[in-house]
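As structure tokens, the structure follows; a few thoughts come after it.
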Amino acid sequence: MPFKYEIVVASMLAAANLAAQAPTSAVTLAAGVDAATFVRYRTPGECWQAARRLQQHYWRDKRPDTVRYAPLTDSVPTPVIQAVGPCAARFHVATVPVAELRNLAQLNLALGRDSLARQAMSRLMQEERVQPARDRGWTLLLWIRALITVKPARFALAREYLDQLDALGAPAATWRLFAHQEVSRFALTMNDRATAEAEARAAILAGRQMSGEDRMDWVDQLRDAYLAAATPIALVRGGASALPLLDTMRTDLASLRPSGTRDHESLLTSFRDVRKPFQLLGTTGELPSVYASAWYSAPGDTIHPKPGHLTLITFCDGSDYPMFAVIRRLSATYGARGLDVVFLASTRGYFRSQPMPSPSVESDSLGHYFRTFLSLPVSVAMETTKFYHIADGRRRNEETTNLRTYGRVPGAMLIDRHGMIRWISDVRPRDEAVWDAVIRDAL
């Protein structure tokens, strides 16, 4: 028999589903039904978790991957607010246990009751005033994360609490590193390059105030702070301008692993890997044409990158649905102005978990999937992979031509009309604003 909590959540999900599809009168009725079930909820945390589940349920059949990422204008669905509102109304800032104050703050934040959310956090910080600075810093970090991930994001409010976190100084340096790094990434999703760089540099400075033990524990995050600062520098001033900062990264962090050990070599390898894209930005004439055993819907000749065209090249295995939505939007905006999108794919011996009788059948299947089933405005370069079998019969693929050429860096590569590499990054909804700006500037 399920727990009462599971029964209540199921009731809420059903009510929210009705609210999402029914007229206003039905929404009101659903809210009334939920108000009765909330008697069983004992804490704000239970309401908060239910609200998160309701949002997931609301979007389950609505293809969120096709919705453009817009953190400052996105909102919590109205049916979710109406369903959860009665639960939040049962709890008050002055009377809930201290351990539930952050949950109550997040709940009110999701409902758009920012004043109540701030009251809950003010009481929590007052209650924790006797705690060590590191513990108070952790609380502030969690709240800053909540403020930039809620819909819509409260970016200005997050900066207020970030100032409070910085005021805690060196004892909270680790959490300051994390907070500034996350705010930097968030700013970059809106193509706010100046803020992204400034926040990443603040993260680097916080990292230098961390204890030696913490720096060893969090060396990957320290490296990522440098990378977060280098990215907007490269966007504004070019990849070569970011290299001195990455050299500083190596000097600053290499000693955090014992020299000559496997961990040290792995760290140095990661430094080289994050440096590669910045070394390639702004270079020309280094990349040969894309190789293909078969092309699908390549207009005209099959030479890519094509002189005089802007070309976005990325590897794709058919499963990155959020990327497909971004590609569609970018192609709709810039395709007629000379943007070509090329997917690099290769045979693997199977398609959609089914073994393929031959490379040509697999190639046609994937080409049909991209071009006909998904109707993507791309050219697909399919490469037949050479392979062999080991003693126990398992297949081993050899490295493909395109992987040797274009697999040196992660994500997608934008090559301009003159063959210059203009940008290298993942193609995700959170990166769309940057891609849009880079493509627009390159045309």
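The values are calculated or read from the model by the stated rules, or taken from the named source; none is laboratory data. Because the structure is a prediction, the values reported are computed rather than measured. Here the Cβ positions follow ideal geometry from the backbone for every residue, glycine too, while neighbour counts run over all protein chains shown.
One residue stands out in region 341-359 among those that are under 26 Å from the mean Cα position of the chain (by Cα) and free of Cβ contacts under 8 Å to residues at least 40 places away in the same chain: the one that is nearest to residue 314 (Cα to Cα), namely 343.
Out of all the residues in region 146-166, which are within 20 Å of the chain's Cα centre (by Cα) and either at positive phi or in a helix (DSSP H, G or I) (or both)?
Step one: filter region 146-166 for residues within 20 Å of the chain's Cα centre (by Cα), giving 146-155, 158.
Correct list: 146, 147, 148, 149, 155, 158.
Residues in region 186-232 that are assigned to a helix (DSSP H, G or I) and either of a type in the set (Gly, Ala, Ser) or farther than 23 Å from residue 424 by Cβ (or both): how many? So the answer is 22. What about residue 334, is it over 22 Å from residue 403 (Cα atoms) and not charged (D, E, K, R)? Yes.
Residue-by-condition table, conditions (1) surrounded by 15 or more Cβ atoms within 10 Å (Cβ to Cβ); (2) basic (Lys, Arg):
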site	(1), (2)
80	yes, no
87	yes, no
91	yes, no
110	yes, no
120	yes, no
128	yes, no
132	no, no
139	yes, no
145	yes, yes
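Looking at region 294-316, can you tell me whether even one residue there is surrounded by 15 or more Cβ atoms within 10 Å (Cβ to Cβ), in contact with a helix residue (DSSP H, G or I) (Cβ under 6 Å, 6 or more places away or on another chain) and part of a loop (DSSP other than H, G, I, E, B)? No: zero hits. Would you mind stating whether residue 245 is touching a Lys or Arg at 6+ places or on another chain (Cβ under 7 Å) and either of a type in the set (Val, Ile, Thr) or in the same structural domain as residue 211 (by TED's automatic domain parsing) (or both)? Spelling it out, it is not the case that residue 245 is touching a Lys or Arg at 6+ places or on another chain (Cβ under 7 Å) and either of a type in the set (Val, Ile, Thr) or in the same structural domain as residue 211 (by TED's automatic domain parsing) (or both). Annotation for region 145-156: no member residue is among the charged types (D, E, K, R) and farther than 26 Å from residue 56 by Cβ.
Report the residue count in region 218-255 for those that are acidic (Asp, Glu) and surrounded by 14 or more Cβ atoms within 10 Å (Cβ to Cβ). Spell out the reasoning first.
Our first condition is that a residue be acidic (Asp, Glu); within region 218-255, this holds for 220, 224, 247, 252.
Checking the rest, the ones that are also surrounded by 14 or more Cβ atoms within 10 Å (Cβ to Cβ) come to 224, 252.
Counting residues in region 218-255 that are acidic (Asp, Glu) and surrounded by 14 or more Cβ atoms within 10 Å (Cβ to Cβ) gives 2.
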